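Quick note: the coordinates plus some simple rules give every number you see, no bench work behind them. A quick note: this is a predicted structure, and the numbers were derived from the prediction, not measured. Positions of Cβ are generated from backbone atoms using ideal geometry, with glycine treated the same way; all protein chains shown enter the neighbour counts.
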Amino acid sequence: MTEYAAAVLSGVGDKMKLGILGGTFDPIHNGHILIAETVLSRLDLAEVLLIPAGNPRFKNGGAVTDACHRLKMVELAAAGKPLFRVSAMEVERRGITYTVDTLRELKDKLGAQSELFFVMGWGSLAEFPLWHKPSEIISLSKLVVVPRQGLPKPDLAELDRKIPGLAKQTIMLDEPLVELSSSDIRGRIKNGADIQGLVPDSVAAYIAENRLYQ
């Protein structure tokens with residue numbers, strides 16, 4: 001049993017509504033924090049679990065910062081937020097990271113009575129038919145979809161035809177509209193621009209101390 005699952009099971013009653021926000025988090029930024037806080041409030045969740053990806057399936061062609069740094073930045077961003085938890089389960093898992101494996105593990109350890117809400121953006125939902133075992137993902141969790149600046153809203157009816165049952169398991173939110181991206185922040189750092197206000201102060205300090213993205 002993971003450390004996270006053990007802690008949850010020791011302090012939660014018969015049913016738990018858990019939000020799951022995964023990502024490369026390279027680096028985590030204030031947009032991610034806003035998304036987590038919005039989902040917590042809108043869906044009345046018990047907690048949001050932040051899960052940095054270990055070996056992202058769709059980013060094998062590009063350089064990704066070492067998982068130890070990305071995990072530490074997520075931990076710093078979540079510090080002082082009692083309804084945020086951080087899990088290293090995907091970082092510790094060997095090989096390619098698949099969302100369905102993470103959901104299986106959480107469901108198994110937290111119990112069938114738990115409700116999992118997997119958070120993603122418009123772009124991820126549009127590509128969802130390409131994910132590993134998407135039908136099983138929606139059998140294990142509800143999808144919570146948030147808008148993304150510059151991307152069109154996915155056609156939920158068309159996606160439901162490709163993955164029957166998807167629409168019923170999807171919650172489309174109209175906020176927050178996040179304009180930040182990790183790639184933009186990396187570019188600003190590389191060019192020597194200020195990132196104050198774009199990432200938590202503790203994350204900015206960690207990036208500077210470890211000379212990341214330079």
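One table, with the values for the structure above:
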| read-out | value |
| --- | --- |
| Shape category assigned to segment 123-171 from the gyration tensor of Cα positions, a/c cut at 1.5 | prolate |
| Segment 174-188 - phi-based ³J(HN,Hα) in whole Hz, Karplus 6.51/-1.76/1.60, Gly and Pro as x | 9, 8, x, 9, 8, 9, 6, 9, 4, 5, 5, 5, 4, x, 4 |
| Computed Rg/Rh of the chain, alpha carbon atoms with Kirkwood Rh | 0.95 |
| Rounded Å value of the spacing that divides the Cα centres of segment 92-112 and segment 174-199 | 30 Å |
| Relative contact order for the chain, counting Cα pairs under 8 Å that sit 6 or more residues apart, in percent | 24 percent |
| Cα-Cα over 30 Å, subset of 81/107; 72/168; 72/153 | 72/168; 72/153 |
| Cβ-based charge dipole, the chain, positive-most Cα from 23, 199, 63 | 63 |
| Kirkwood-type radius of segment 19-122, with distances r between different C-alpha atoms, in Å | 14.1 Å |
| Segment 61-150 shape via C-alpha gyration tensor axes, a/c threshold 1.5 | rounded |
| CD proxy at 222 nm, helix term only [per DSSP H run n ≥ 4: -39500 (n - 2.57); per residue of the chain; nearest 500] | -11500 deg cm²/dmol |
| Where GluC sites (Glu not before Pro) in DSSP loops with at most 16 other Cβ within 10 Å are excluded, longest remaining stretch of the chain | 1-126 |
